[in-house]
Each structure stands twice: as C-alpha cells, then as structure tokens.
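Engineer: One structure coming up, written as structure tokens, with questions to follow.
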Amino acid sequence: MSTNNTSKTPSKLQKIMDAGDFGVTSECGPPRGADGKIVEEKANLIGDYVDAINVTDNQTAVVRLSSLAACIRIKQMGYEPILQMVTRDRNRIGMQADILGAASFGIHNMLCLTGDHQSFGDHPNAANVFDLDSTQLIQTVKMMRDEKKLLSGFEMKVAPEMFIGCAANPFADPFEIRVSRLAKKIAAGAQFIQTQCIYNMDKFKEWMKGVVDRGLHEKAHIMAGMTPMKSLGMAKYMKNKVPGMDVPESVIERMAGVPKDKQAEEGIKMCIEQIQELKEVEGVRGFHIMAIEWEEKVPEIVKGSGLYPRPKID
Amino acid sequence: MIIAKPKPIEEIIDLVKDLKSVLVAGCDGCVTVCEAGGMKEAQVLASALRMYFRQQGKDTKVEETSLTRQCDRPYIAQLDDKIEKYDAVVSLACGAGVQFLAERFTKKPIFPGVNTCFIGVTEEKGEWTERCQACGDCILATTGGICPIARCSKRMSNGPCGGSSSGKCEISKETACGWHLIYERLKELGQLDRFEKPNDPKNWATSRDGGPRKIIKEVSQA
C-alpha cells in the first residue's frame with residue numbers, strides 16, 4: 001500500500017493513528033502579549049486528554065506570542081505540540097530556520113498552512129510574504145526530512161523528523177475540487193489532515209466518500225475538525241461571518257431551541273453526538289477539537305465521546 | 001498597460017503651493033489610455049492649480065504639455081529648452097516616467113501627479129483590473145492563461161485556499177478567486193490533470209526579489 005505514513009517519525013500522534021486508534025488533538029491559541037504562563041495554563045487544561053496540541057501561528061493574521069516559542073513551552077511541560085506554520089509571514093529562509101529550531105527542541109509534528117490574508121488581522125497594512133504556499137511548505141518539510149536537504153540542496157548532518165500535517169476545507173468552493181486539492185497536498189507529502197470545523201454532516205460525508213473512493217484515506221490520516229458552539233450568537237457568527245464555514249440552518253435552530261443558559265451545554269452535547277457519528281464514517285482516523293477560548297471543555301468532550309483515556313505510547 | 005490613478009489634488013497642491021511656476025507634464029502612453037495622465041488630464045490638473053493660485057491671490061504660472069512617452073530619452077529631451085522656465089514639474093506619467101525626468105533634469109524637482117498602480121487591462125470605460133505582476137518568469141502556459149501571482153491574493157502556486165467562496169476571494173466579495181478561474185479554464189481546456197500536480201517553489205529571483213532588473217537585448221544570430 002502506498003502510504004505517506006511509511007515515513008516514520010518519533011511523533012506520538014503518528015504512532016497512535018498508525019496503530020489504528022483514533023487520534024485526538026486540540027489547539028491552543030497563544031496570547032496577544034508576552035505572558036507565557038497563559039500557554040501553560042491552556043496546555044494544562046487539555047494536555048492529558050489529547051495526543052498532541054496544535055499551536056496556532058498568528059491566527060487570523062493577529063500578532064500573538066510565536067507558535068514556535070509556545071510549542072517549546074508545551075514540549076517542556078511533557079506534552080506533544082504540533083507546530084502550526086503559515087507561509088504568510090516568513091519566506092523559505094525564515095521557515096526552514098524555524099523548522100530546524102523546532103526539531104532541535106524535539107518537536108515532531110507540523111501543520112503546514114498558507115494562512116489567512118493579513119487584511120483580516122490587526123496589521124492590515126503589513127506586507128505579506130507568500131514565498132511558498134501550504135503545498136510547497138509540505139514539500140519543503142518532506143524534503144528536509146526524507147532527503148536531509150534544505151530547499152537549496154544543502155545536505156544537513158541532522159535532519160528534522162516531522163510528522164507532516166495540513167488542513168483541508170471540505171466546505172469551501174468549488175466543492176468539486178475539494179477532493180482533488182486534498183489529493184494534491186497528499187501527493188506533496190501530507191501525512192495527516194485536520195479538517196475545517198464540521199457542522200454540515202451530510203456535506204462532510206459526501207466529501208469523505210470522495211476521499212475514500214480515491215483511497216486517499218489510506219495514504220494520510222484524516223482528522224475531523226470539531227468546534228463546539230458556545231451560544232446561538234456564536235453559531236450565527238460562524239454561519240455569516242467566518243469565510244469557508246458551512247453552518248446549516250438545523251444547527252442554528254437547535255441552538256435557538258434551548259434557553260440561553262443551556263446553550264453552551266447543548267453545544268457540547270451536539271459536538272459529542274457528531275463525534276460519535278463520525279467515528280462510524282469510513283476514513284475518519286481522528287478528531288481535532290478546536291474549542292476556541294473554551295479549552296476547559298475539551299476533557300468533557302473527549303470523555304463524552306468515549307475517547308478517554310488516551311492510548312499510552314512508550 | 002501600466003494603470004495609474006490621479007493623486008488627490010490636495011496632495012499635489014501641497015507639493016507646489018510655494019512655487020512661482022509649474023509645468024504639468026502628461027504622457028501619451030499608458031496613462032493616457034487609463035485616463036490618469038494624458039494631455040486631457042494635464043489640462044484639467046493645470047486649470048485646477050491655476051484656480052487654486054488665483055483664489056490664494058498668487059500669480060504662480062502653471063502650464064501644461066504632454067510628451068509622446070516619458071520613458072524614452074528622445075521624447076523627454078523635448079523639455080530640454082523649456083525646463084528652465086519652471087520651478088518644478090508635476091509629471092503625470094507612471095513612476096518610470098517621473099524618475100526618467102528626474103534623472104535628466106537633475107536640478108529640478110519632479111513631482112508625481114499619479115499613483116502608479118499595476119499592469120492591467122481596460123474592463124470597460126472607466127474600469128481597469130490587474131493582470132500581471134512582472135515576475136519575470138511567465139507560468140501562464142501551465143495555469144490556463146490566468147496568472148495566480150497577480151490574481152490570487154496570496155499568490156499561491158497551488159490554490160485555491162480554503163477561503164474561496166462562490167468563486168470569490170476571502171478578502172472581498174468584489175474580488176474573483178484567481179484559482180477558481182484557473183480551475184474553470186483548465187476544465188474547459190481539458191487540462192485538469194495539471195491541477196493535481198503540485199507546483200514546486202517558484203524562483204522569485206527574476207521578480208523584484210532579485211533587485212532592480214535590467215534587460216539587454218541579445219543580438220540575433222540569424
């Protein structure tokens with residue numbers, strides 16, 4: 001079987017999913033200031049309930065404590081970080097340097113992203129870089145790992161060992177290219193995929209069927225992206241304001257159908273039900289739980305979904 | 001062509017308000033076609049400046065002209081015997097023209113009267129859109145004749161990104177998703193196989209990243 005996961009790395013997340021267990025990840029958004037303790041507090045809330053913790057890289061183009069620095073903190077706490085890297089802010093020189101820096105601290109997971117346009121963020125007047133795009137960043141990390149070479153061709157004595165991930169949005173347009181775009185990222189070397197938040201279950205299953213029909217689920221591990229709704233307001237915001245998000249009317253109605261003080265509970269319940277349902281969908285190999293500024297709910301979701309305790313890897 | 005946009009009149013007034021004589025120099029090239037800096041626009045700007053000076057009670061002399069091109073020496077040489085009459089020139093050419101005047105007339109301030117914006121096309125009367133970023137290494141043969149560097153907000157080589165929605169870019173509903181266009185065109189050309197092949201990192205050395213560029217025409221051996 002031709003699978004990108006014949007390239008083994010020290011990543012615990014890879015080992016768990018390669019062994020056939022569901023992988024569980026969550027994310028931690030660093031603060032908009034220099035307080036590293038916040039990263040540690042967030043990691044402590046979720047660390048024992050997930051296999052690895054994504055650290056966002058200046059998410060939505062808002063300046064935050066750097067992903068690499070936060071990943072190092074998390075690593076030093078004994079948890080496994082996933083270094084998110086966007087190609088918006090650094091060129092191939094800066095990114096390769098940070099990949100080497102990460103590897104030198106024993107960071108073995110990366111999520112390669114292009115990144116939101118800076119016009120969404122807090123520095124809309126900034127120049128963007130986009131020397132590479134996400135697919136080319138995947139190629140770069142793979143080359144560094146498998147060929148032990150930088151993009152320049154320079155051969156390294158010690159190469160970074162990265163389990164390479166990327167994002168996929170099954171709900172963006174045009175829908176018909178969403179499977180081929182994933183195929184392209186897998187052809188570039190992606191080993192795990194974290195999807196956009198899933199609310200439209202039918203559309204996700206349709207996409208997943210396209211993925212399975214092409215055997216892509218055998219080449220890379222697909223992790224379903226889950227974000228619990230905190231309130232009716234959040235559901236409406238996600239539906240109307242967030243690019244590439246598909247929130248069906250039924251989700252809005254369900255949130256609207258309960259009193260305000262019960263909406264958070266309902267959101268968690270809905271998230272757990274979705275995970276249970278997606279566990280049965282062919283090709284789904286894990287869950288990426290993005291509880292935005294709601295990290296304390298991750299343990300409840302993981303336990304409620306029957307994904308706790310997490311497998312131990314020696 | 002090169003597309004430019006007139007600078008706000010206040011900005012130009014601020015540059016020339018203390019002068020005694022000003023020449024507004026249009027260019028008959030690209031900026032004429034995009035209605036930003038030809039003879040007509042030179043006349044309009046010169047009239048506006050004359051009106052301003054009159055209102056201020058000043059007798060500043062403002063005259064206008066337009067050169068065939070400001071990016072060629074023989075044409076800018078036509079100003080050689082007039083330039084002394086003026087304290088400064090407001091050039092309505094693109095940035096190349098402004099600089100070429102400044103290089104020739106080293107003792108005269110040359111002010112830009114337009115903002116040079118992009119290489120583009122006329123969509124319809126009064127509307128111009130970008131097509132090319134002059135990267136110096138054209139890839140249009142592989143992208144269905146649509147440039148992802150100029151037309152994708154993230155100049156992706158392997159798009160579209162997850163922000164593409166109903167054929168529009170994440171930055172604005174007014175902006176078409178370049179990669180959506182590329183996909184549709186490749187489909188029409190029966191070349192969708194190109195779409196799934198990852199494009200390697202681009203060599204930007206031929207772009208502005210390689211420093212100011214220069215071309216010397218190679219002598220034909222034929």
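Engineer: Only one residue in A:VAL281, A:VAL258 is surrounded by fewer than 18 Cβ atoms within 10 Å (Cβ to Cβ), touching a residue at least 24 places away in the same chain (Cβ under 8 Å), more than 28 Å from B:GLY167 (Cβ to Cβ) and not basic (Lys, Arg), so which one is that?
Structural biologist: A:VAL281
Engineer: Hey, among A:ILE275, A:ILE198, A:ILE193, which residue is modelled with pLDDT of 95 or more and more than 25 Å from B:CYS177 (Cβ to Cβ)?
Structural biologist: When all the criteria are applied, what remains is A:ILE275.
Engineer: Right, B:ALA102: in a helix (DSSP H, G or I), outside the structural domain of B:ILE13 (by TED's automatic domain parsing) and surrounded by fewer than 20 Cβ atoms within 10 Å (Cβ to Cβ) or not?
Structural biologist: no
Engineer: Right, another one. Could you check how many residues of region A:100-112 are aliphatic (A, V, I, L, M) and either within 11 Å of chain B (Cβ to nearest Cβ) or not in a helix (DSSP H, G or I) (or both)?
Structural biologist: Going through region A:100-112 one residue at a time, the tally reaches 3.
Engineer: Then there's this: If a residue has to be within 7 Å of chain A (Cβ to nearest Cβ) and out of contact with any Cys (no Cβ under 8 Å at 6 or more places or on another chain) to count, how many in region B:125-160 make the cut?
Structural biologist: 4
Engineer: Moving on. In region B:4-88, which helices (runs of 4 or more DSSP H) lie fully inside it and hold 1 or more residues that are among the hydroxyl-bearing types (Ser, Thr, Tyr) and at pLDDT 95 or above?
Structural biologist: Passing ranges, in order: B:30-33, B:39-55, B:73-76.
Engineer: Condition test on B:GLY163, is it at the interface with chain A (Cβ under 10 Å from one of its Cβ atoms) and touching a Gly at 6+ places or on another chain (Cβ under 6 Å)?
Structural biologist: Judged against the criteria, B:GLY163 is a match.
Engineer: Which number in (1) buried (at least 24 other Cβ atoms within 10 Å of the Cβ); (2) modelled with pLDDT of 95 or more; (3) not acidic (Asp, Glu) marks the one condition that A:ALA172 misses?
Structural biologist: Unmet for A:ALA172, out of (1) buried (at least 24 other Cβ atoms within 10 Å of the Cβ); (2) modelled with pLDDT of 95 or more; (3) not acidic (Asp, Glu): (2).
Engineer: State whether one or more residues within region A:113-124 are more than 14 Å from chain B (Cβ to nearest Cβ), surrounded by 23 or more Cβ atoms within 10 Å (Cβ to Cβ), in contact (Cβ under 8 Å) with a residue 12 or more places away in the chain and not in a helix (DSSP H, G or I).
Structural biologist: So far as region A:113-124 goes, no, none of its residues is more than 14 Å from chain B (Cβ to nearest Cβ), surrounded by 23 or more Cβ atoms within 10 Å (Cβ to Cβ), in contact (Cβ under 8 Å) with a residue 12 or more places away in the chain and not in a helix (DSSP H, G or I).
Engineer: Scan region A:295-308 and report the pairs whose first residue is farther than 17 Å from A:MET17 by Cβ and whose second residue is crowded, with 17+ Cβ neighbours inside 10 Å and among the aromatic types (Phe, Trp, Tyr), with Cβ atoms within less than 7 Å and a gap of 6+ or a chain change.
Structural biologist: Taking only residues 6 or more apart or on different chains, the pairs are A:VAL298/A:TYR49; A:PRO299/A:TYR49.
The values are calculated or read from the model by the stated rules, or taken from the named source; none is laboratory data. Remember, it's a predicted structure, so these values are computed and weren't measured experimentally. Cβ sites come from the backbone with ideal geometry, for glycine too, and all protein chains shown count toward neighbours.
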